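Visitor: Have a look at this one.
The values are calculated or read from the model by the stated rules, or taken from the named source; none is laboratory data. All of these numbers come straight from a predicted model, not from anything done at the bench. These area figures cover heavy atoms from the full protein model, side chains too; ligands, DNA and RNA do not enter into them. Shrake-Rupley method; radii C 1.70, N 1.55, O 1.52, S 1.80 Å.
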Amino acid sequence: MYLKKELGKNIRKYRKLNKITQEKLAEIIGVEINSISSIETGKYFPSPENLVKISNALSTNISNLFYFKEDCACED
């Protein structure tokens, strides 16, 4: 669950940095707007093909989408 949520946060961050709406991103990658919303909230994980399309649309590397800050208060 952590991976999906953090990936979604990063997609949202890069989308906003690029001043792209959810509607426009959905149009660019060829999915429904509900899919973008579900990805950004961590409900769904994008397919590998859509992940490539998302990173291209957001002008970033896929690796940047998977860069998460270590602010997790996880117990050992």
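Visitor: Could you pull out every one of the aspartates and glutamates with an alpha carbon less than 19 Å from that of K69, ignoring same-chain neighbours closer than 8 positions?
Guide: E6, E40
Visitor: Tell me the accessible surface of S55 in square angstrom (1.4 angstrom probe, heavy atoms of protein chains only), to the nearest ten.
Guide: Roll a 1.4 Å probe over it and S55 shows about 10 Å².
Visitor: Working from the alpha-carbon coordinates of region 5-47, get Rg over Rh, Rh being the Kirkwood radius.
Guide: Working: Rg = 9.3 Å, Rh = 10.0 Å.
Taking Rg over the Kirkwood Rh, I get 0.92.
Visitor: To continue, here is another question. Show L58, L3 ordered by accessible area, largest first, where the area counts protein heavy atoms only and the probe is 1.4 Å. Intermediate values should be presented prior to the final figure.
Guide: Details: L58 0, L3 80 Å².
The most accessible residue leads, giving L3, L58.
Visitor: Separate question: Send over the per residue convex hull volume for the chain, Cα only, as a whole number of Å³. Display every interim value, and only then the final one.
Guide: On the way: hull volume 6.7 nm³, N = 76.
Here the figure is 88 Å³ per residue.
Visitor: Further, regarding this structure: Expected output is a single nm value to one decimal: the length gained when fully extending between K5 and K43, i.e. 0.36 nm times separation in residues minus the C-alpha distance. What is it? Don't skip to the end; give the middle numbers.
Guide: On the way: separation 38, 0.36 × 38 = 13.68 nm, distance 0.75 nm.
Between K5 and K43, full extension yields 12.9 nm more.
Visitor: Please compute the contact order of the chain in relative form: average sequence separation of alpha-carbon pairs under 8 Å and at least six residues apart, divided by the residue count, as a percent.
Guide: Numbers: 64 pairs, mean separation 28.6, N = 76.
Taking the mean separation of contacting Cα pairs over the length of the chain, I get 38 percent.
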